[in-house]
Amino acid sequence: MTIDWLHFTPWLSLAGGLLIGGAAALFILLNGRVLGISGILGGLLARRPGDAGWRIAFLLGLAAAPATFWLAAPAGFLAEPRIEAGWGTLVLAGLLVGFGTRYGSGCTSGHGVCGISRLSPRSLVATAAFMAAGFLTVYLLRHV
């Protein structure tokens, strides 16, 4: 295995991880809730009275953040991602992620960031399953 040193971004990755971890810590400290996207969206779809405002604001902020960064960042700061899949593959992948999120009682952000930090056994198993499925998928698609 070799590292593509031209595209290796440990500092950007570290900064992103710190932002996500800090946001998750602040969210649970200030709101007493786990910062899991599927739980936030699912709670919005469940229509609990008086609970929709913060969920809508969170999801709008989640959608607005990349656009705001794109407008504020200097030209060429980040290369545009290259997705080597067709629409059918992307739709199937999205449906599988949604199924897995429902089946696993949470998403990677809920289990992987918040659950592991709380040493939740269920989240440790779920995150290990997410990672194993990801490793297996990449291996099968790239090497088989």
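The values are calculated or read from the model by the stated rules, or taken from the named source; none is laboratory data. Since the structure is predicted, the reported quantities are computational estimates derived from the model, not experimental observations. Here Cβ is always computed from backbone atoms with ideal geometry, including for glycine, and neighbour counts include all displayed protein chains. With ligands, DNA and RNA removed, areas are computed over all heavy atoms of the protein, side chains included. Shrake-Rupley method; radii C 1.70, N 1.55, O 1.52, S 1.80 Å.
Quickly work out the Glu84-to-Ile20 label distance, labels modelled 7 Å from Cα along the C-beta direction, and quote it in nm with one decimal.
Result: 2.2 nm between the two label points.
Contour minus end-to-end for Arg122 and Ile3, with contour as 0.36 nm per residue of separation and end-to-end as the Cα-Cα distance? List each step's numbers first, then the result.
Working: separation 119, 0.36 × 119 = 42.84 nm, distance 3.32 nm.
That works out to 39.5 nm of additional length.
Starting from the Cα of Val97, step 7 Å toward the Cβ, then list every residue of the range 111-143 with an amide N under 19 Å from that point.
111-115, 126-142
Based solely on its DSSP helices, what 222 nm [θ] is calculated for the chain when runs of n ≥ 4 H residues each add -39,500 (n - 2.57) and the sum is averaged over all residues, nearest 500 deg cm²/dmol?
Numbers: 5 runs with 92 residues, N = 144.
So the helix-based figure for the chain works out to -21500 deg cm²/dmol.
Hey, what D do you get for the chain in µm²/s if you plug the Kirkwood alpha-carbon radius into Stokes-Einstein at 25 °C and 0.890 mPa s? Walk me through the numbers on the way to the answer.
Working: Rh = 17.8 Å.
It comes out at roughly 138 µm²/s.
Counting only protein heavy atoms and a 1.4 Å probe, tell me what percentage of the range 42-114's accessible area is made up of carbon and sulfur.
Carbon and sulfur together cover 70 percent of it.
Could you tell me the relative contact order of the chain? Use alpha-carbon pairs under 8 Å, at least six residues apart, and round to a whole percent.
Numbers: 60 pairs, mean separation 37.9, N = 144.
Here the relative contact order equals 26 percent.
Between exposed chymotrypsin sites (Phe, Trp or Tyr not before Pro) in the chain, where DSSP calls loop and at most 10 other Cβ atoms lie within 10 Å, what's the longest gap? Write out the running numbers ahead of the final one.
Numbers: sites that count: Trp5, Phe8, Phe77.
Looking at the chain, 9-76 is the longest stretch - no exposed chymotrypsin sites (Phe, Trp or Tyr not before Pro) with at most 10 other Cβ atoms within 10 Å.
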